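Below: one structure, written as structure tokens.
The values are calculated or read from the model by the stated rules, or taken from the named source; none is laboratory data. No experiment lies behind these values; they were computed from the predicted model shown. Cβ placement follows ideal geometry from the backbone for every residue including glycine, while neighbour counts extend to all protein chains displayed. For the accessible areas, the whole protein counts, side chains as well, though only heavy atoms, and no ligand, DNA or RNA atoms are used. Shrake-Rupley method; radii C 1.70, N 1.55, O 1.52, S 1.80 Å.
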Amino acid sequence: MEYEAVIGLEVHAELSTKSKIFCSCTTEFGGQPNTHCCPVCLGMPGTLPVLNRKAVEYTIKAGLATNCTISYFTKQDRKNYFYPDLPKGYQISQYDLPLCKNGYIEIETENGKKKIRINRIHLEEDAGKLVHSEYGYYSYVDYNRTGVPLIEIVSEPDISSAAEAKAYLEKLKAILQFIGVSDCKMEEGSLRADVNISIRPKGSKELGERTEMKNLNSFRAVYRAIEAEIARQIEVVKSGGTIERETRRWDDARGESYPMRSKEDAQDYRYFPEPDLPPLIIKEELVERLKKELPELPDARKQRYMMEYGLPEYDAGVLTSSKELSDFFEEAAKVSNNIKAISNWVMGDMLRILNERNLEVSQIPFPPAYLAKLVALLDKGVINGPTAKKVFEDMFDSGKDPEVIVKEQGLEVLNDESILLQVVEKVIEENPNSVADYKKGKKKAIGFLVGQAMKATKGKANPQLLNELLIKKLEE
Amino acid sequence: MKLHEYTISQLHELIRKREVSVPELARYMLNRIEKLDSKFECYITVTEKQAMEQAESVQKMIDEGSLNSPLAGIPMGIKDNICTKGILTTCASRMLSNFVPPYDATVVKRLYSNGAILLGKLNMDEFAMGSSTESSYFKKTKNPWNTERVPGGSSGGSAAAVAAGEAIYTLGSDTGGSIRQPASFCGCVGLKPTYGLVSRFGLVAYASSFDQIGPLTKTVTDCALVLNAIAGHDPMDLTSSRRERPDYTKALVNDVKGMKIGVPREFIADSVQREVRDAVLNAVKVFSNLGAECEEISIPIMDYVVPTYYIIALAEASSNLARYDGVKFGYRAANPKDMLDFCMRSRSEGFGTEVKRRILLGTYALSSGYYDAYYKKALKARTIITREFNKAFEKYDIIIGPVSPTTAYKIGEKINNPVQMYMEDVFTAPVNIAGLPAISIPCGFDQQSLPIGLQIIGKRFDEPTIIRAAYTFEQNTDFHKAKPKIDE
Ligand SMILES: [Zn+2]
């Protein structure tokens, strides 16, 4: 029997507000443990939460950008559970009335476009972090992260493969970055996913029992965890077993998952309305204003690149996969009249170098206009292709203007006929054998002579011109 | 007359006329506490050093003319569940027996800025859970009228301190009657303001949607003065109202002519102690004689009040008290085996019986499978009870009745019967359920000479009307003048 997977994702994204959700502490990443805390976010007795307006606006923006309906009446609830990193013994979250619901985003799959529905987006606070001592006797708690605002984006189980899950996550990340509500830095934990997976006989409408994989914090982990879990579930069912509802932990290093807790010890969160915060009434004007503030989203930008710049769909897709990349491209394109070349450079050498040097787009030391200058230098024949690649690498080292690099290092193509003529004459004089070969009709000998001439100009000669001059001289 | 018998307004005059200095007054009160507190056990912490320092600096400001609040220089005490920066705030619990908050509650800040002098922190039922101040981890406060009797609770220390002259006024907190009932038992004035009028920031939460801080004083005038200082919007508490605070002393008017007063027949049922009922009916007569229109009404939902109140309050309490797990502050069990043991033993050893009972009940009411049957139903009942009161207020300006079905009972008499204890709240809890304001004022004595309190309930944010009614009653009766006999 053939099986198909039914996958739903719960994605937590950290909002990029300056201050925490219920107090004015900074949300800055890092810092000495327990230095970004105050009595409110530590949940000290008598303290009360004061809701950060920006966090609510960011959540609404995320909802609007993912085609959700915004709730005009909403409230916050308490989710009760004990954990040492949870200062109040409950998390303020949203239960039955999330801020945003019933949205969708579109992804590209092997079989074309696919809509992944979004069940809800709600706002909640993050917990702290446990730090276990090396030898295991003590655990320490760092509360710097407590109260950092998060949104949880819950998809419907519309995803059918690891590849689709990855495409969904990438799209979600791009959208959140484009609208500026989250930096989505997975390595800092500002974007993480829980994955619900079940399998069923292909074509069946019923849902199988699902397992949940928590806190996956890279695209790679999501992809591999899903592949492995689908395989595991199929294996279990094929060998006559049944899938148990359970939470599993993914070990990315080992490439396998193991059970964490089963349905029997499932938590009872005892949700109830947060009495310290009055219900939130969202005004229509606010939603309208936020709608107007929304920037161009990745899909729209992709369409525009195709229409306006005439780029192929593939190029446009790659360029709009991240806001920073897309912004870089666009800045360069603005001051260039060879947009396809800019696109090629961005998708090719730029991504390669970033990857090799483990850099973010934001860490590129030169402005996008310099890339346009480089392309222009190449197009005008001031430098040749291999030199351009070398100059581009140099730009990443020094951040210098390519024109300056070319000048400083004397990398211009040698077009001066009088200089080239001297070189040609010298080469002819020094290689009588090859000249004789050529004159005997061995036309191939010209190659050697050109090579020698190039060498003499340290590769800067315009090869076309050099060739012409050489032939002209030999034919004299 | 001795200084401790003066009211806020009288002392304000003395200080203004330089007949007594603020440090003299503070010293006098501290001496009195030292002499008497072993007898009544009102205080958990006495802040002698801070009080004297405060007194010096307040006197200086008065001399410079930069401080002329009626509360300037007046010594007061604060219930130990209201946070005071740098001063032990225990909630009368072993769990918080070493907790020193790094912040002041908003009400404390406001009193300080009015020049109030803090004498110390007052005893209470543990985490404000109780009606007798017998569940304190530290001590059992005695009723100054009769030391074999409870002072009421949970603000028992606050009420007893005012009655015994160990503070000129105090702050308490009222979740289901915790200011009014002890005020009634101890023969003082106690006000539970409208929910949202006084900031809860810094009040250690018991049941967030009911809790409200309020004053306990000797007279209605003093009550208005303290309310003026503590009421008003606080950006640190999103449930605090943004409406403009009136000057409550303007409501101190001796006139109830034409005022419409409802007297619920459920409040004067046979189950109410006869002397209490008689005192309330006498109050009705007093008001009628002064020109108010009193009518018997019916609020038929009274049977649902106590269960509704307890389900919601304990549900919230179970969550509010979850933070006390031994991790960050407070009591921590020694030598735990593992995390679970650490957490369980810290809570088992750190909390007293009544608190544990309430956490368990609240957890149960919220747990899946019981949520709909208990919590959700209680929320619906809350809406209905609120609606019933609002309906009554369409016709009446105030509703009056007893505060408690009984006068102060004997220490130990009800402590082992929680349900009987919970029934103490039957007349006070509906006010918290509906978020209304209510005041308790002395209106008589039983045969043992124990005080009886009259409860005056008003519309939301209509403190001025209940203050006016209470003031008029006070001006036309002598009950508030009686003092407990204290051997000094
Ligand atoms: Zn904070």
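So which residues in segment A:310-326 are open to solvent by 50 Å² or more (accessible area, probe 1.4 Å) and either under 20 Å from residue A:183 (Cα atoms) or assigned to a helix (DSSP H, G or I) (or both)? Let's see the steps before the verdict.
Step one: filter segment A:310-326 for residues open to solvent by 50 Å² or more (accessible area, probe 1.4 Å), giving A:310, A:312-314, A:321, A:323-324.
Answer for segment A:310-326, where residues must be open to solvent by 50 Å² or more (accessible area, probe 1.4 Å) and either under 20 Å from residue A:183 (Cα atoms) or assigned to a helix (DSSP H, G or I) (or both): A:313, A:314, A:321, A:323, A:324.
Is it the case, given these coordinates, that residue A:79 is within 11 Å of chain B (Cβ to nearest Cβ), over 29 Å from the mean Cα position of the chain (by Cα) and outside any loop (DSSP other than H, G, I, E, B)?
It is true that residue A:79 is within 11 Å of chain B (Cβ to nearest Cβ), over 29 Å from the mean Cα position of the chain (by Cα) and outside any loop (DSSP other than H, G, I, E, B).
Filter segment A:245-272 down to the residues that are within 14 Å of another protein chain (Cβ to nearest Cβ), in contact (Cβ under 8 Å) with a residue 40 or more places away in the chain and surrounded by fewer than 17 Cβ atoms within 10 Å (Cβ to Cβ) and list them by number.
A:267
In this structure, is residue A:299 in contact with a helix residue (DSSP H, G or I) (Cβ under 9 Å, 6 or more places away or on another chain), under 30 Å from residue A:110 (Cβ atoms), open to solvent by less than 20 Å² (accessible area, probe 1.4 Å) and not hydrophobic (A, V, I, L, M, F, W, C)?
Values: in contact with a helix residue (DSSP H, G or I) (Cβ under 9 Å, 6 or more places away or on another chain): yes; under 30 Å from residue A:110 (Cβ atoms): yes; open to solvent by less than 20 Å² (accessible area, probe 1.4 Å): no; not hydrophobic (A, V, I, L, M, F, W, C): yes.
Here the answer is no, as residue A:299 does not meet what is asked.
Residues are listed down the side, and each one gets a yes or a no for (1) within 22 Å of residue A:231 (Cα to Cα); (2) outside any loop (DSSP other than H, G, I, E, B); (3) open to solvent by 30 Å² or more (accessible area, probe 1.4 Å); (4) within 16 Å of the ligand (Cβ to nearest atom):
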site: A:115; (1), (2), (3), (4): no, yes, yes, no
site: A:130; (1), (2), (3), (4): no, yes, yes, no
site: A:136; (1), (2), (3), (4): no, no, yes, no
site: A:168; (1), (2), (3), (4): yes, yes, no, no
site: A:182; (1), (2), (3), (4): no, no, no, no
site: A:207; (1), (2), (3), (4): yes, no, yes, no
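Among B:244, B:166, which is the only one that is among the acidic types (Asp, Glu) and surrounded by fewer than 24 Cβ atoms within 10 Å (Cβ to Cβ)?
None of the others qualify; the one that does is B:244.
Residue under question is residue A:45, and the condition is that it be without any contact (Cβ under 8 Å) to a residue 12 or more places away in the chain, assigned to a loop (DSSP other than H, G, I, E, B), in contact with a Ser or Thr (Cβ under 6 Å, 6 or more places away or on another chain) and not basic (Lys, Arg); does it hold?
Numbers: without any contact (Cβ under 8 Å) to a residue 12 or more places away in the chain: yes; assigned to a loop (DSSP other than H, G, I, E, B): yes; in contact with a Ser or Thr (Cβ under 6 Å, 6 or more places away or on another chain): no; not basic (Lys, Arg): yes.
The answer is no for residue A:45.
So which residues in segment B:354-380 are within 13 Å of chain A (Cβ to nearest Cβ), part of a helix (DSSP H, G or I) and open to solvent by less than 70 Å² (accessible area, probe 1.4 Å)?
B:359, B:362, B:363, B:365, B:366, B:375, B:378, B:379
Have a look at A:391, A:423, A:404 and point out the one that is in contact with a Pro (Cβ under 6 Å, 6 or more places away or on another chain) and either open to solvent by 30 Å² or more (accessible area, probe 1.4 Å) or assigned to a helix (DSSP H, G or I) (or both).
Result: A:391 is the single residue among A:391, A:423, A:404 that is in contact with a Pro (Cβ under 6 Å, 6 or more places away or on another chain) and either open to solvent by 30 Å² or more (accessible area, probe 1.4 Å) or assigned to a helix (DSSP H, G or I) (or both).
Give the residues of segment A:145-157 that are within 14 Å of the ligand (Cβ to nearest atom) and open to solvent by 10 Å² or more (accessible area, probe 1.4 Å), sorted by residue number.
A:145
Residue by residue, here is whether (1) modelled with pLDDT under 95; (2) open to solvent by 10 Å² or more (accessible area, probe 1.4 Å); (3) within 14 Å of chain A (Cβ to nearest Cβ) holds:
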position: B:68; (1), (2), (3): yes, yes, no
position: B:88; (1), (2), (3): no, yes, yes
position: B:99; (1), (2), (3): no, no, yes
position: B:106; (1), (2), (3): no, yes, yes
position: B:111; (1), (2), (3): no, no, no
position: B:126; (1), (2), (3): no, no, yes
position: B:139; (1), (2), (3): no, yes, no
position: B:150; (1), (2), (3): no, no, no
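Considering segment A:85-102 alone, what residues qualify as being within 11 Å of another protein chain (Cβ to nearest Cβ) and touching a helix residue (DSSP H, G or I) at 6+ places or on another chain (Cβ under 6 Å)?
Those that are within 11 Å of another protein chain (Cβ to nearest Cβ) and touching a helix residue (DSSP H, G or I) at 6+ places or on another chain (Cβ under 6 Å): A:88, A:89, A:90.
Residues that are open to solvent by 20 Å² or more (accessible area, probe 1.4 Å): which strands (runs of 3 or more DSSP E) entirely in segment B:396-478 hold 1 or more of them? Quick ask: steps written out before the conclusion?
Numbers: elements: B:398-402, B:438-445, B:451-458.
Once the strands (runs of 3 or more DSSP E) in segment B:396-478 are filtered for at least 1 residues that are open to solvent by 20 Å² or more (accessible area, probe 1.4 Å), what remains is B:438-445.
Quick check on my filter: what residues within segment A:47-58 are within 14 Å of the ligand (Cβ to nearest atom) and touching a strand residue (DSSP E or B) at 6+ places or on another chain (Cβ under 7 Å)?
Residues satisfying the conditions are A:49, A:52, A:55.
Residues are listed down the side, and each one gets a yes or a no for (1) away from chain B (no Cβ under 14 Å); (2) hydrophobic (A, V, I, L, M, F, W, C); (3) within 19 Å of residue A:29 (Cβ to Cβ):
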{"residue": "A:130", "(1), (2), (3)": "no, yes, yes"}
{"residue": "A:136", "(1), (2), (3)": "no, no, no"}
{"residue": "A:141", "(1), (2), (3)": "no, yes, yes"}
{"residue": "A:150", "(1), (2), (3)": "yes, yes, yes"}
{"residue": "A:153", "(1), (2), (3)": "yes, yes, no"}
{"residue": "A:157", "(1), (2), (3)": "yes, no, no"}
{"residue": "A:162", "(1), (2), (3)": "yes, yes, no"}
{"residue": "A:168", "(1), (2), (3)": "yes, no, no"}
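Please specify each residue of segment A:43-76 satisfying the condition of being hydrophobic (A, V, I, L, M, F, W, C) and over 33 Å from the mean Cα position of the chain (by Cα).
A:44, A:48, A:73
Within segment B:305-337, which residues are away from every other protein chain (no Cβ under 11 Å) and either more than 23 Å from the chain's Cα centre (by Cα) or not in a helix (DSSP H, G or I) (or both)?
B:331, B:332, B:333, B:334, B:335, B:336, B:337
Please determine whether any residue of segment B:10-22 is in contact with a strand residue (DSSP E or B) (Cβ under 8 Å, 6 or more places away or on another chain) and either in a helix (DSSP H, G or I) or surrounded by fewer than 17 Cβ atoms within 10 Å (Cβ to Cβ) (or both).
Within segment B:10-22, one or more residues are in contact with a strand residue (DSSP E or B) (Cβ under 8 Å, 6 or more places away or on another chain) and either in a helix (DSSP H, G or I) or surrounded by fewer than 17 Cβ atoms within 10 Å (Cβ to Cβ) (or both).
Going by the conditions given, is residue A:4 away from the ligand (no atom under 13 Å from the Cβ), away from chain B (no Cβ under 11 Å), in contact (Cβ under 8 Å) with a residue 24 or more places away in the chain and in contact with a strand residue (DSSP E or B) (Cβ under 7 Å, 6 or more places away or on another chain)?
Yes; evaluated as a whole, the condition is true for this residue.
Every residue, every condition in (1) within 14 Å of another protein chain (Cβ to nearest Cβ); (2) more than 11 Å from the ligand (Cβ to nearest atom); (3) touching a Phe, Trp or Tyr at 6+ places or on another chain (Cβ under 7 Å), yes or no:
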residue	(1), (2), (3)
A:12	no, yes, no
A:23	yes, no, no
A:27	no, no, no
A:40	yes, no, yes
A:43	yes, no, no
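Before we move on, is residue A:280 of a type outside the set (D, E, K, R) and more than 14 Å from chain B (Cβ to nearest Cβ)? Spell out the reasoning first.
Values: of a type outside the set (D, E, K, R): yes; more than 14 Å from chain B (Cβ to nearest Cβ): no.
When the stated conditions are applied, residue A:280 does not pass them.
Yes or no: residue A:71 away from every other protein chain (no Cβ under 14 Å), away from the ligand (no atom under 16 Å from the Cβ), small (Gly, Ala, Ser) and surrounded by fewer than 22 Cβ atoms within 10 Å (Cβ to Cβ)?
yes
List the number of the failed condition for residue A:36; all other conditions in (1) more than 12 Å from the ligand (Cβ to nearest atom); (2) away from every other protein chain (no Cβ under 14 Å) hold.
Against the list (1) more than 12 Å from the ligand (Cβ to nearest atom); (2) away from every other protein chain (no Cβ under 14 Å), residue A:36 comes up short only on (1).
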